[in-house]
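Written below as structure tokens is the structure these notes are about.
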Ligand SMILES: N[C@@H](CCC(=O)N[C@@H](CS)C(=O)NCC(=O)O)C(=O)O
């Protein structure tokens, strides 16, 4: 499939691999720690990188004021750079309080552990288990959907022929959303405020819109909620302004 393409953004400053350092347990009556350096979230394209988007939404959910550092991942030199940053050679990666965290689900769990008051995970333990389950399902599944409908925030396709193999993924996702909306009353998957699960499914909402996937009313309303979520609007505005264009986009990205 022909698609817009990504370019080289500015090369990020060389980063030293962060040394893992145990965080001291909080002590009673200890003075408040001075705020550390601003956390950094390494991402790639705002238009194409669904995992970068998820990482960003998770940081916003945790109330973390992150500096975004962009690494264009198509350039072999940047892959070497990225390898220094994250052993998986994948983004997103979060550097926070001297600790590096890569892989989106690990970022989600670490932030929820550090900011339990953020509501990133539902308070109720049954809801929390469901939130973790559907987030895990997104993280490890839906391969056909991800390869057949790659994220491309700028694009709009009308009469897009959806690969038959992706249809069960689309149906399963709609069933997940419907169950959550019925159980917790919306507008987010676990009720009035967004959680990790909404960050995980946000790029699916954009894919449904990009490729004109027909949706039942509840799913459509959920997608509208996600697109109107403040950090999502912030990201979308910047993605649209991103200059780069991909020549070919035939991989999940
Ligand atoms: N399982 C990883 C997936 C991350 C991922 O696939 N990231 C893509 C960008 S969306 C990437 O960094 N690709 C690098 C490359 O293909 O060179 C996570 O959860 O963070």
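So which of 150, 194 is assigned to a loop (DSSP other than H, G, I, E, B) and touching a strand residue (DSSP E or B) at 6+ places or on another chain (Cβ under 7 Å)?
Working: 150 fails: touching a strand residue (DSSP E or B) at 6+ places or on another chain (Cβ under 7 Å).
That would be 194, the only listed residue that is assigned to a loop (DSSP other than H, G, I, E, B) and touching a strand residue (DSSP E or B) at 6+ places or on another chain (Cβ under 7 Å).
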Which numbered condition residue 164 fails, given (1) surrounded by 16 or more Cβ atoms within 10 Å (Cβ to Cβ); (2) without any contact (Cβ under 8 Å) to a residue 40 or more places away in the chain: (1)
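Residues in the range 99-109: is at least one in contact with a helix residue (DSSP H, G or I) (Cβ under 6 Å, 6 or more places away or on another chain), away from the ligand (no atom under 15 Å from the Cβ) and at pLDDT 90 or above?
Here is the first cut: in the range 99-109, the residues in contact with a helix residue (DSSP H, G or I) (Cβ under 6 Å, 6 or more places away or on another chain) are 101, 104-105, 107-108.
Add one more test, that the residue is away from the ligand (no atom under 15 Å from the Cβ), and what stays is none.
No - not one qualifying residue is present in the range 99-109.
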Residue match in the range 72-91 (condition: more than 9 Å from the ligand (Cβ to nearest atom), buried (at least 18 other Cβ atoms within 10 Å of the Cβ) and at pLDDT 90 or above): no
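The values are calculated or read from the model by the stated rules, or taken from the named source; none is laboratory data. This one's a predicted model, so the numbers in the text were calculated from it and none came from an experiment. Neighbour counts are summed over all protein chains in view; Cβ atoms, including those assigned to glycine, are modelled from backbone coordinates with ideal geometry.
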